[in-house]
Amino acid sequence: MDGLNIPYNPRTVDEVFRDFRGRRTALIKALSTDVDEFFRQCDPDKENLCLYGSPSEQWEVTLPAEEVPPEIPEPALGINFARDGMLEKDWLSLVAVHSDAWLLSVAFYFGARFGFDKADRKKLFDMINDLPTIFETIAGVVKKPGKDKSSSVSNNSSTKSEAKPKQGSEPQAKFSKPMAMQMQMQMQMQSKENDEDGLGVDEEDEEYEEDMEDDEEHGDTLCGACGESYETNQFWICCDICEQQESSP
């Protein structure tokens, strides 16, 4: 990155954000307006190449820094190797995602190097987060501004607050009738099943009582001739004694 090796050490939150914004503009330019030139420079036959963006809004495709460790975090290495193995749109989206990660790493590298406290880091993140990412810009999925989102949320909350007093009575009137009808239908079905079960039990009881009455009738009946009991479960006219008496001369 010889052409972009310009000493630059931002020390405040505003300076780091200005550095971030300049690098971001350069990378978006490489992946959009200068995409043909960027595509040409990412020759798969060359060695590992990286896409750099400078605070001066200039971009460059070149070899990574030779010094170890590098002065600042390095971008993704070897972006040129995947150029011909993917659809151009997918390849550009992949480079955009890696570029977003690189921008964040550089910004918070400066924040750590110059001792940003919690408030400074939060301020820097909020300023960065207000801008669309490179991927969102390249892919055309930029979200609506936060102002519209917050206003819609406030409108929804106000609408809910206005409708909230009615929630005490309306849900009861709305759902009480179906619940009552459902409970009534369940009770009717249960009573119907009980009636059917009861009828079956009554029929069995009646048959059992008839059998018992028959048994009692046969068991308690005595022979008029000899005074003995009839034999159970048999159809007869006379008992054995009577038959003996009839057979005797």
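In summary, residue 90 fulfils each of the numbered conditions (1) open to solvent by 70 Å² or more (accessible area, probe 1.4 Å); (2) over 21 Å from residue 28 (Cβ atoms) with the single exception of condition (2). Pairing each residue of region 111-126 that is closer than 12 Å to residue 16 by Cβ with any residue that is open to solvent by 80 Å² or more (accessible area, probe 1.4 Å) and in a helix (DSSP H, G or I), provided the two are 6+ apart or on different chains, yields C-beta distances under 6 Å for 111/121. Only residues that are crowded, with 17+ Cβ neighbours inside 10 Å and in a loop (DSSP other than H, G, I, E, B) were counted across region 54-71, and they come to 4. Within region 7-36, residues that are in contact (Cβ under 8 Å) with a residue 40 or more places away in the chain and within 15 Å of residue 109 (Cα to Cα) reach partners that are assigned to a loop (DSSP other than H, G, I, E, B) and open to solvent by less than 10 Å² (accessible area, probe 1.4 Å) with beta carbons closer than 6 Å, at six or more positions or on different chains, in the pairs 16/10; 19/10. Check whether at least one residue in region 53-68 is of a type in the set (Phe, Trp, Tyr) and in contact with a Pro (Cβ under 9 Å, 6 or more places away or on another chain), and report yes or no. No.
The values are calculated or read from the model by the stated rules, or taken from the named source; none is laboratory data. Computed from a prediction, not measured in an experiment: that's the story for all the values here. Methodologically, a virtual Cβ is constructed for each residue, glycine included, from the backbone with ideal geometry; neighbour enumeration extends over all protein chains shown. The area values use the complete protein model at the heavy-atom level, side chains included, leaving out ligands, DNA and RNA. Shrake-Rupley method; radii C 1.70, N 1.55, O 1.52, S 1.80 Å.
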